[in-house]
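**Student:** The structure follows.
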Amino acid sequence: MKKIKDQLNKIKKENRLGVMTHIVVGYPSLEENKKMIQLMAETGVDFIELQIPFSDPMADGPMIMKANKESLDQGTKVRDAFMLMREMSQKIEIPLLFMGYFNTVLNYGTEKFCHDASQAGCSGLIFPDIPLEEEKEENFIKHTNEFGMNSIRVLSPASTTERIKKNSEVASGFVYFVGRKGTTGAKKSLDSLLEKNIERLKKHIKIPVAVGFGISNATHVRSLVGKADVVVVGSALLEAYELGGMKKVGNILESIVDATR
């Protein structure tokens, strides 16, 4: 929890947008994951999501779905995600988070998963498909907090005011706001209602708001300065890797980080 809080305070002190990026564990390989994470940290990213590959990533668009499938086809296991987290959390200063789907946690055992993730150096968990109504049975937020991690709640334009208020009571670190309806994926333009939706969210959410889904370039990032607290860039970086390897990823990262002030 402290690591995410400290990074958020650093972002606020520097009067800029924070940047969270995204990789899929095992895509294109674990060794390339390590290079990518290192590059992201060196370029000035604030947080990195490590997505545990899943067979049916329902919130994800074509690029991340492809990455999940290829990773699983290569035999990537949950233990590989823990190994990657453990190694990289010792090498870089910024917070690393696990993102995934709750079936992975359920099969592993919720308490054991949270314990092992924390021991591996994970700072927070983003699992968008575990509703608050299941908390009494699964104790996911309880165990996340118990082992010193932030439970990052996910909200969308479809979230009702009642839903936002309920999540505000249990959210910690920051809230992940899905910037548009649909799945992840780089887009040419942001949702026309995004600014109004962020304003609506911030009336009830008192912790920082990270905005993702569709953010793919410096122009998008500049348009969110002073509105969001953190921007999330995922698919665009994976697409960049496929087109031009680490060099192209580095170029896009630099332009995005430069646009946060």
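The numbers here are math on the coordinates, done by the rules we state, and not lab data. The structure displayed is predicted, hence computed values, not measured ones. No Cβ is skipped: glycine too gets one built from the backbone with ideal geometry, and neighbour counts run over all protein chains shown.
**Student:** Can you give the charge dipole size of the chain about its Cα centre, rounded to the nearest 20 debye, using +1 on the beta carbon of Lys and Arg and -1 on the beta carbon of Asp and Glu? It would help to have the intermediate numbers written out before the result.
**Tutor:** On the way: 36 positive and 33 negative charges, 195 e Å.
So the magnitude is around 940 debye.
**Student:** Any idea which of L97, H220, M246 is furthest toward the positive side of the dipole for segment 2-258, if Lys and Arg beta-carbons carry +1 and Asp and Glu beta-carbons -1?
**Tutor:** After comparing all options, I get H220.
**Student:** Would you please give the FRET efficiency between E137 and T161, computed as 1/(1 + (r/R0)^6) with r the Cβ-Cβ distance and R0 = 45 Å, to the nearest 0.05? Don't skip to the answer; put the middle values down first.
**Tutor:** Working: r = 26 Å, r/R0 = 0.57.
The computed FRET efficiency comes out at 0.95.
**Student:** Short version: ³J(HN,Hα) in whole Hz for each residue of segment 225-238, in order, from phi by Karplus 6.51 cos²θ - 1.76 cosθ + 1.60 (θ = phi - 60°), x for Gly and Pro, what are they?
**Tutor:** Result, rounded to whole Hz: 4, x, 10, 8, 9, 9, 10, 10, 10, x, 4, 4, 6, 5.
**Student:** Still on this structure, please answer the following. At 4 °C and 1.567 mPa s, grab the translational diffusion coefficient of the chain from Stokes-Einstein with a Kirkwood Rh over Cα pairs, rounded to a whole number in µm² per second.
**Tutor:** On the way: Rh = 18.1 Å.
For these conditions, the coefficient is 71 µm²/s.
**Student:** So what J values fall out for segment 194-211 if you push phi through Karplus, 6.51 cos²θ - 1.76 cosθ + 1.60 with θ = phi - 60°, rounded to Hz, Gly and Pro as x?
**Tutor:** The phi angles translate into 4, 4, 5, 5, 5, 4, 4, 5, 6, 5, 10, 9, 9, 9, x, 10, 9, 10 Hz.
**Student:** For segment 63-194, what is the charge dipole size about the Cα centre, in debye to the nearest 20, if Lys and Arg each add +1 at the Cβ and Asp and Glu each add -1 at the Cβ?
**Tutor:** Values: 17 positive and 17 negative charges, 105 e Å.
Roughly 500 debye, rounded to the nearest 20.
**Student:** Determine the sum of side-chain charges near T161: Lys and Arg each +1, Asp and Glu each -1, restricted to other residues whose C-beta is under 12 angstrom from that of T161.
**Tutor:** Numbers: positive: R163, K165, K166, R200, K203; negative: E162.
Spelling it out: positives minus negatives among the neighbours equals +4.
**Student:** Now, a different point. What is the sum of charges, Lys and Arg at +1 and Asp and Glu at -1, for the other residues whose Cβ falls under 13 Å from the Cβ of I252?
**Tutor:** -2
**Student:** Ranked highest first by the average count of other Cβ atoms within 10 Å around their residues, in what order do 78-87, 143-152 fall?
**Tutor:** Details: 78-87: 18.7, 143-152: 20.7.
The densest-packed peptide leads the list: 143-152, 78-87.
**Student:** How far, in nm, would the chain grow between Q74 and K206 when pulled straight, counting 0.36 nm per residue and subtracting the alpha carbon separation? Spell out each step's value before the answer.
**Tutor:** On the way: separation 132, 0.36 × 132 = 47.52 nm, distance 4.18 nm.
Using 0.36 nm per residue and subtracting the Cα-Cα distance, I get 43.3 nm.
**Student:** Summing -39500 (n - 2.57) over the DSSP H runs of n ≥ 4 in the chain and dividing by its residue number, what mean residue ellipticity at 222 nm do you reach, to the nearest 500 deg cm²/dmol? Kindly include the intermediate steps, with their values, before the conclusion.
**Tutor:** Values: 12 runs with 126 residues, N = 261.
That comes out to -14500 deg cm²/dmol.
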